[in-house]
Amino acid sequence: MQLALIVSFLLAGGACLLFFFSFEKRKPAVKDILPVVVMVAAASAGRVIFNFLPQIQPVTAIVIIMGIYCGKQTGFLTGALCALVSNLFLGQGPWTPFQMLAWGLVGMLAAVLAKVPPFRKTWAVCVYGFLASFLYGAITDLWTVMSMGESLSWPLILTAYAAAIPFNLLHGVGNIAFLLLLYRPLGNKLKRIQEKFGVLAC
């Protein structure tokens, strides 16, 4: 089972590295990277500040917004870096690549769905934000499951995922609240930055 844990860790970390390299291939200018750095810093600070509330934090909402307005690579990069940076304060560990992959995929999927115009409506984005909490939970809980070692069994796996449901629900409710607060204001600012400076275009 330790081998499975190591393999899953390497797969999660490797997937993140692939996306980092694909972003680097675009040869982004400093003006393209700076807004990502600002959003990562803001989201990471928000996660640290709201850490006293279980699963309630602005990271997922900001990652979704970045994916919608800035595309798949930027959405993934923002999500992955948010996990890496915020864990500098909250604690790094073998779970970090799973969090990076989970938030990265949330941002990438948001970019894919944004190609369908109705998805950009606030209510649709909020629905995705709620469901994204379960996508995030399914990936990060994989670390919990794999860390059970030799005691791992289907009943334990089902118990672990069932125990995570209340936390995923809280995460989803928090996502809706932050999206209602941030989606339009932050989205409009990103759109203006794209039009004025030609950065972060999808």
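Derivation of every value follows stated rules applied to the coordinates shown; laboratory data play no part. Remember, predicted model here, so these are calculated numbers, not experimental data. Neighbour counts run over all protein chains shown; Cβ positions are idealised from the backbone, glycine included.
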³J(HN,Hα) computed for each position of segment 42-47 - Karplus, 6.51 cos²θ - 1.76 cosθ + 1.60, integer Hz, glycine/proline x: 5, 5, 5, 4, x, 5
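Scan segment 102-196 for chymotrypsin sites (Phe, Trp or Tyr not before Pro) in coil per DSSP, keeping those whose Cβ has at most 14 other Cβ atoms within 10 Å, and list them by number. Write out the running numbers ahead of the final one.
Numbers: sites: Trp103, Phe119, Trp123, Tyr128, Phe130, Phe134, Tyr136, Trp143, Tyr161, Phe167, Phe178, Tyr183; in loops: none.
Of the chymotrypsin sites (Phe, Trp or Tyr not before Pro), not one in the loops of segment 102-196 has a Cβ with at most 14 other Cβ atoms within 10 Å.
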Overall Cα dimensions of segment 2-197, principal axis frame, Å, largest first: 57, 35, 32
Neighbour-count order for Arg192, Arg47, fewest beta carbons within 10 angstrom listed first: Arg192, Arg47
From phi via Karplus (6.51, -1.76, 1.60), per-residue ³J(HN,Hα) for segment 57-65 in Hz, x at Gly/Pro: 7, x, 4, 4, 4, 5, 4, 4, 5
